[in-house]
Amino acid sequence: MGLFDKLKQGLTRTAQQIAERFDELVKGSDAPEQRSRAIEPDTLEGLEEVLLMADVGVAASRSIVDAVARRQRHGESLRQLVRDEILRILKAADAGGTLEGESTPRVVLIVGVNGTGKTTTVGKLANQMRRDGLKPLICAADTFRAAAVDQLQVWADRAGVDIVRAREGSDPAAVVFDAMTAGKTRGRDVILVDTAGRLHTRQNLMQELEKIRRVASREVTGAPHETLLVLDATVGQNALTQAREFMAVAGVTGIVLTKLDGTAKGGMAVAIAHDLHLPIRYVGVGEGIDDLLPFNPEEYADALFQEKW
């Protein structure tokens, strides 16, 4: 199965919800003779409801509806207008990856609250990077949660990559130091650092994260080069609150949006791009090791409307 097919499959629930509500909404309004006429206020109100139900978010939904109302006079179909505006929002927040550069290894911190899929994301990222010809190294810096290191070891074995680990309860910053040293000695391209799940209210864990960043920057020039925040799509708009808090304290540079296959809230990606102006780097569409996909704005917009494209 190709990457786009996996994305379409992962977004099926969201796409079906949009399609079902969209069918009634655009009935007759997409006929060529209707496209030059002003869109009825009821239609615009219904469109906003469709977007909100898909968890596009209040601000992004309003922006899309306003753009549709402005552009409708050009004779484009309502579906095309919505799809184009969603794509514009996603592209505006999109930015090139930061894993390329002069210094190696490149260091990537993986952060987020418990239960979002951080550890599995690290394993899937390592697998993808290895397949792409890179030589990743995993750092098991989540020494806080029971069995976290053992879980990550399983993923490292599945991905076929090395892991630097320590006993449960060890100092996470010390593990990071060991991983930086090992990464340089072994000639690794990327070091993926799995950190403990934390809330912004847990001051000790936030201070621990800052210590990890200091150690990484001392040992590798420019580190961390990327800080990826893992968000669970099934929690909807609550993920935006999490993201804002982590942006304030953790220097987040990109988002990994997981569990899209288990929700009809796939519009979350649009809300993140519009409200936070952060690039979405990857999306998770299943539990398999190959089910973490690089984010592509065009493919994502098409997959949201897959029933009609």
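We did not get these values from a lab; they are worked out from the coordinates using the rules stated. Keep in mind the model is a prediction, meaning the values are calculated, not measured. Ideal geometry is used to build each Cβ from the backbone, glycine not excepted, and the neighbour counts take in all protein chains shown.
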Cα lying deepest toward the dipole's positive end in the chain, options VAL220, ILE272, LEU240, charges on Cβ: VAL220
Which labelled figure in (1) 21.3, 76; (2) 19.1, 54; (3) 21.0, 70 is Rg and Dmax of the Cα atoms in Å, once derived from the coordinates: (3)
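Do the sum for the chain: with -39,500 (n - 2.57) for every DSSP H run of n ≥ 4, divided by all residues, what is the mean residue ellipticity at 222 nm, to the nearest 500 deg cm²/dmol?
Details: 12 runs with 154 residues, N = 309.
Computed ellipticity for the chain at 222 nm equals -15500 deg cm²/dmol.
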With 10 Å bins from 0: P(r) over region 196-309, alpha-carbon pairs, percent: 13, 40, 32, 12, 2, 0
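Please arrange THR119, THR14 by how many other C-beta atoms lie within 10 Å of their C-beta, fewest to most.
Details: THR119 22, THR14 25.
Going from least to most buried by this count: THR119, THR14.
Mind ordering 104-113, 82-91, 121-130 by average Cβ neighbours within 10 Å, highest first? Mind showing how you got there, number by number?
Values: 104-113: 24.9, 82-91: 20.0, 121-130: 23.1.
Per-residue Cβ counts within 10 Å, averaged per peptide and sorted highest first, yield 104-113, 121-130, 82-91.
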